[in-house]
Amino acid sequence: MGSKKKIHSFQKISIVGPCTLKLKELFGKVAKYALGFFLMYALCNISHFLLKPYSQPRITSDTVIGLLIGNIGFIRNQVTDSASKTLNFIVDFGMICYMFVLGIEMDPYILFKEPTKDAKVAYCGMLSTFILACAITPFMHFTEGFKVDFTLSLSTVLSSTASPVLTRLITSLKIGKSDIGQLVIAAGMHADFVTTLLLSIGYVFCPVESGDKVVETSKRVWRSIEMGSALVIQTLFAAYVSPFFMNWVNNENPQGKPIKGSHLVLALAFMALVISCSPIYGYSPVLSAFMAGTFLPREGRVSKWVVGKINYLLTTIFYPIFFFWMGYEAVFRDFQPGQFGTWGRLFVVFAIATIGKVTGTVISGKLLGFNWPESVALGLLLTTKGHFHIYLAIAAKTAGKTSTSTSTVMVIAIFFTVVHAPSVVAQIIKRARKRVPTHRMSLQLLDPSSELRILLCLNGPQNVRTTINFIEISRGTVDPGIVVYVTDMIELTDEIAATLVKEEEVDTMTVTHTGVKEMRDQVTTAVQTYVGESGEGITLRRLLALSTFNGMPQDICILAEDSMVALIILPFHKVQRPDGTLDNGHSGFRYVNRKVLKNAPCSVGILVDRGLGLIEKLPRACDHSVSVAVIFIGGKDDREALAYAGRVARHSGVKLTVIRFLVDASSEAATRPGNYTVSRSEKEEEMKLDDECFASFYERHVSCGQVAYMEKHLANSAETYTTLRALDGQYSLIIVGRGERVNSVLTFGMNDWQQCPELGPIGDVLSGSDFSVITSVLIIQENSLKGQLDGLDDDFSIM
């Protein structure tokens, strides 16, 4: 029995053993390659994250990681011959999908239209680069002996632009809505389409033969005829027959309903059928996918679905594999760095792509009236190459057309055509800031010879006296004067809306509500009386912000932008009671103030009136009977408050005192690191701006005795609070900045117990219920920079 059991056990092992080993080997390979994929995926994303502060596109980090990982000896040894073949198949299939999507996004009928501005730029850049490449590349020995087909192909590739990479780059750098951004994207797509189309047509006449295979002339001609005929039939079928089928699928699957699975399968099978027509006769599947995609319908749910899904698969799965394949094929040990010709070829390829494009765009810019710096920037951006060009560089080596060294040189040159693009865009934005008046509505940068324009808002007749006194202290000198847009903020109720009358042939409404008309007449009469009696140098305008509280902030911002004012003054939402304290306030007007602070195109001031309106008439005699103080700690808002205080200082009846809060150098707070949300360099830059601004103010106003000056050396926010409380009752008006200060140690923690955060920490303390009942407060915020480009509108114009 024992021997039988042993025999039985031996037979079991002999049957199952090979299967188990095969499965282990298979699972081991799958696990190894899956681990390699996830490693590549993680490294690509980490490197992209690290390069993100430098605005580098993903292709640059992916290229670096691919070249490094693909040349590590241990990793290369893990790739067997069968794995290498599989890798090539995956890359070829991925490029077919890539080129198909690229073709769908192209419009072939632009070739039959009159050339637009972007087409002219693209043609000039392509032509100059092509001529330069044809003249130089034959002497650089990229191949063994002179080959016409390779020279023409390389010249065409150098003339092209990777429109997907360029479009993504321009969009991510936030200039896609500008005129130069739109022009470079359109020119890039035009150049990409034309050059890829030329390569697709040229492949018919000069097909790539792998290795050193020599084909007889007659067979080559016959093969070209076959490929050309198949390509023409495929193109005509895609252009004239496929719309009927695709429109039927789209009509059967309207928007709002899921696409039927059977229809989706039919559509995908139809696309695959169209793509595979010409490759049957030896045409390149990658170029066939581009030609098919170009002439298939771009509109409709199916096409958009396919583009979205393929782009997702390319980004998440294909690109890590593609760049590993690139690094694996671009072997560094065959790069031949010791030979002068290697570096010469690298320099020449990059120089041709750059100089050729820049020359063409400068010529076209001269003809079209562009500024030469923008023309140069266009050329530098249009040199951008991408995934298809990397694929062609490696494919040329695989087909035996070039050496590994030359192929690697091309890959590195492609990398350098992309890496400089963020710097070019930064220069474009820098020039745009100089030419576009992005800060025209800022007190600090207001030309002293220009009039000050203020949008002065009020809630009703109760603010009239305050309005007049504010105009008086802000008026400055007669020349250049001041323009004040006195604006009534009135909530649009159903009762008022019923009285609105639309004027004929004019897009305006007339308010006929009796209460509104009487209130506006009362305000107008009072302000006009003041201007008539003593308003030399004052220009008065009347505006109305009649809207619901939700729409009023937008109306005020539009009025400010249309009027090109430098400062909006809003009344505080709380009103002073007869006993001097402030009431609970109006939530609607508080909402308006907060939204205007957030979205205003200029600087904004919130005026907390606690006695400024009680002054019957500000004297003009040099008696300094009205005491005003400005508190300066630092930051852009305090600099703006100081700029406004410079206007107030010109009034002969105002005694202005500037109080500067400084960190006590002997305190522990001065030596320990602050709780800053900005970098050290930004902090130092802000402090430099503070010192320059204050020094300029001191020289103009303090040194001549026009303004009094005080310094307060404080250690922390507790001492700041104590110092502010000590100012109780000493001044009729205190001017402060809302926030954004560098010396946050002096205000640190004060935000935690603010009652009105829209006033900032200092303004909140001064306007608190336990502060003086006779001191008004003006809180000023410098304009929040518009757009996403640090003060530059996204749709800026520079061309």
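The values are calculated or read from the model by the stated rules, or taken from the named source; none is laboratory data. Just so you know, these numbers come straight off a predicted model, no measurement behind them. In this analysis, Cβ positions are derived from the backbone assuming ideal geometry, glycine residues included, and neighbour counts consider all displayed protein chains. Only protein heavy atoms, including side chains, enter the accessible area calculation; ligands, DNA and RNA are left aside. Shrake-Rupley method; radii C 1.70, N 1.55, O 1.52, S 1.80 Å.
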Inset, instruction - Could you state the angle between the C-alpha long axis of helix 404-419 and the longest principal axis of the C-alpha atoms of the chain, as a value from 0 to 90 degrees rounded to the nearest 10? - result: 20
Inset, instruction - Give the long-range amide H neighbours of residue 772: residues separated by 5 or more places, or on another chain, with amide H under 5 Å away, using H modelled in the peptide plane at 1.01 Å from N. - result: 729
Inset, instruction - Please give the length that would be gained between residue 478 and residue 399 if that part of the chain were fully extended, namely 0.36 nm times their separation in residues minus their C-alpha to C-alpha distance (nm, one decimal). - result: 20.3 nm
Legend entry - Cα centroid separation - segment 377-424 against segment 534-600, whole Å: 57
Inset, instruction - For the chain, give the magnitude of the charge dipole about the Cα centre (Cβ charges: +1 Lys/Arg, -1 Asp/Glu; no others), in debye to the nearest 20. - result: 3900
Inset, instruction - Assuming a ≥ b ≥ c are the square roots of the Cα gyration tensor eigenvalues, decide whether segment 239-333 counts as rounded (a/c under 1.5), prolate (otherwise, with a/b larger than b/c) or oblate. - result: oblate
Inset, instruction - For residue 92 and residue 753, compute 0.36 nm times the residue count separating them, minus their Cα-Cα distance, and round to one decimal in nm. - result: 231.6 nm
Inset, instruction - Beyond 31 Å between alpha-carbons counts as too far, so tell me which of 517/655; 113/177; 177/636 fall in that bin. - result: 517/655
Legend entry - Share, in percent, of DSSP beta bridges within the chain that are antiparallel, nearest 5: 15
Inset, instruction - Of the options 265, 242, 18, report the single residue whose Cα projects farthest towards the positive end of the charge dipole of the chain (beta-carbon charges: Lys, Arg +1; Asp, Glu -1). - result: 18
Inset, instruction - Anything over 23 Å Cα to Cα? Flag those among 598/688; 260/304; 309/401, in the order listed. - result: 598/688; 309/401
Legend entry - the chain: relative contact order in percent, alpha carbon pairs under 8 Å with at least 6 residues between: 13
Inset, instruction - Give me the angle, in degrees from 0 to 90, between the Cα long axis of helix 372-382 and the longest principal axis of the Cα atoms of the chain, rounded to the nearest 10. - result: 40
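Per residue, how much accessible area does segment 19-433 have with a 1.4 Å probe, in Å²?
On a per-residue basis, 48 Å².
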Legend entry - Per-residue HN-Hα couplings for segment 266-280 [Karplus 6.51, -1.76, 1.60; θ = phi - 60°; Hz; x = Gly/Pro]: 4, 5, 5, 5, 5, 4, 4, 5, 5, 5, 8, 5, 6, x, 4
Inset, instruction - Identify which of the listed values of Cα extents along the principal axes in Å was calculated from the structure shown: (i) 78, 77, 67; (ii) 109, 82, 63; (iii) 92, 81, 50. - result: (ii)
Legend entry - Karplus-derived HN-Hα couplings along segment 627-638 (A = 6.51, B = -1.76, C = 1.60, θ = phi - 60°), whole Hz, x at Gly and Pro: 8, 10, 10, 10, 9, 10, 10, x, x, 5, 5, 5
Legend entry - Relative contact order (percent, whole number), segment 19-433, Cα cutoff 8 Å, 6+ residue spacing: 29
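DSSP loop (so not H, G, I, E, B), at most 16 other Cβ within 10 Å: list which chymotrypsin sites (Phe, Trp or Tyr not before Pro) in segment 139-169 pass both filters.
Loop-located and lightly packed - 146.
Please give the contour-minus-distance gain from residue 533 to residue 83: 0.36 nm per residue of separation, less the Cα-Cα distance, rounded to one decimal in nm.
Values: separation 450, 0.36 × 450 = 162.00 nm, distance 9.27 nm.
Extending this stretch completely gives an extra 152.7 nm.
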Legend entry - trypsin sites (Lys or Arg not before Pro), loop per DSSP, at most 14 other Cβ atoms within 10 Å - longest free stretch of the chain: 261-616
Legend entry - residue 65 accessible area, 1.4 Å probe, all protein chains in place, Å² to nearest 10: 20
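If you take every residue apart from residue 278 with its C-beta less than 13 Å away from the C-beta of residue 278, what net charge results, scoring Lys and Arg +1 and Asp and Glu -1?
0
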Inset, instruction - State, as an integer percentage, the relative contact order of segment 102-259 based on alpha-carbon contacts under 8 Å between residues 6 or more apart. - result: 22
Inset, instruction - Could you work out how far apart the two model spin labels at residue 39 and residue 305 are, taking each label as a point 7 Å from the Cα in the direction of the beta carbon, and quote it in nm? - result: 3.9
Inset, instruction - For segment 19-433, build the charge dipole from Cβ charges (+1 Lys, Arg; -1 Asp, Glu) around the Cα centre, then report which of 87, 202, 296 sits farthest towards its positive end. - result: 87
Legend entry - Computed label-point distance, nm, for sites residue 691 and residue 205 using a 7 Å Cα→Cβ extension: 6.9
Legend entry - In degrees, nearest ten, helix 464-474 long axis to first principal axis of the chain (Cα): 70
Inset, instruction - Give a residue-ordered list of calculated ³J(HN,Hα) values for segment 43-58 (Karplus: 6.51 cos²θ - 1.76 cosθ + 1.60, θ = phi - 60°; whole Hz; x for Gly, Pro). - result: 5, 4, 6, 5, 5, 5, 5, 5, 8, 4, x, 9, 6, 6, x, 5
Inset, instruction - Could you pull out every residue, at least 5 positions away or on a different chain, whose amide H is within less than 5 Å of the one on residue 582? Hs are placed 1.01 Å off N in the peptide plane, and Pro or chain starts have none. - result: 577
Inset, instruction - Give the peptides 191-201, 554-564 in descending order of average Cβ contacts within 10 Å, highest first. - result: 191-201, 554-564
Inset, instruction - Anything over 19 Å Cα to Cα? Flag those among 85/385; 117/357; 174/430, in the order listed. - result: 85/385
Legend entry - Theoretical ellipticity at 222 nm over the chain - DSSP helices of four or more residues, -39500 (n - 2.57) apiece, nearest 500: -18000 deg cm²/dmol
